[in-house]
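Undergrad: Let me give you the structure first, and then I'll get to my questions.
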Amino acid sequence: MKKFDLLLDKIFGEREPIHEVECPVCGDFEIYYRHPVTKENLGRACEFCVFVQKFDTADIR
Ligand SMILES: [Zn+2]
């Protein structure tokens, strides 16, 4: 398993990708994740930038 995946495991736990967008910083793919059971949005991450943002529940519309 990649180091970046381990980081996502630590931050998001169980997750599934919802969609990909072009990362505004590096042009690589930024992936949005949700929980596989609750379907709650978890956050987004770009592997190339090693950027991970966890959405707070209050931020979810
Ligand atoms: Zn990026």
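Undergrad: Quickly estimate the mean residue ellipticity at 222 nm for the chain, helices only: each DSSP H run with n ≥ 4 gives -39500 (n - 2.57), and the total goes over all residues, rounded to 500. Kindly include the intermediate steps, with their values, before the conclusion.
TA: Details: 1 runs with 10 residues, N = 61.
It lands at -5000 deg cm²/dmol.
Undergrad: Between beta-carbons, use under 15 Å as the cut-off and find the net charge around E14, counting Lys and Arg +1, Asp and Glu -1. Kindly include the intermediate steps, with their values, before the conclusion.
TA: Working: positive: K10, R15, R34, K39, K54; negative: D5, D9, E16, E40.
Local net charge: +1.
Undergrad: Moving on to the next point. Can you pull the percent of Cα pairs in the chain with separation above 20 Å?
TA: Working: 382 of 1830 pairs.
Distances greater than 20 Å cover 21 percent of the Cα pairs.
Undergrad: For M1 and F48 in one chain, what is 0.36 nm times their gap in residues minus the Cα-Cα distance, to one decimal in nm?
TA: Numbers: separation 47, 0.36 × 47 = 16.92 nm, distance 1.60 nm.
Taking M1 through F48 to full extension adds about 15.3 nm, to one decimal.
Undergrad: Excluding V52 itself, calculate the net charge of residues whose Cβ lies under 13 Å from the Cβ of V52, where each Lys or Arg counts +1 and each Asp or Glu counts -1. Walk me through the intermediate numbers first.
TA: On the way: positive: K3, K10, R15, R44, K54; negative: D5, D9, E30, E47.
Within the 13 Å Cβ shell, the charges total +1.
Undergrad: When only Cα pairs under 8 Å and 6 or more residues apart are kept, what is the percent relative contact order across region 3-59? Could you put the intermediate results ahead of the total?
TA: Values: 86 pairs, mean separation 15.3, N = 57.
Value for region 3-59: 27 percent.
Undergrad: Can you check what the net charge comes to around C23, using other residues whose Cβ is under 11 Å from the Cβ of C23 (Lys, Arg +1; Asp, Glu -1)? Provide the component values of the computation, followed by the final result.
TA: On the way: positive: R44; negative: E20, E22, D28, E30, E47.
The answer is -4.
The numbers here are math on the coordinates, done by the rules we state, and not lab data. These numbers come from a predicted model, not from an experiment. Positions of Cβ are generated from backbone atoms using ideal geometry, with glycine treated the same way; all protein chains shown enter the neighbour counts.
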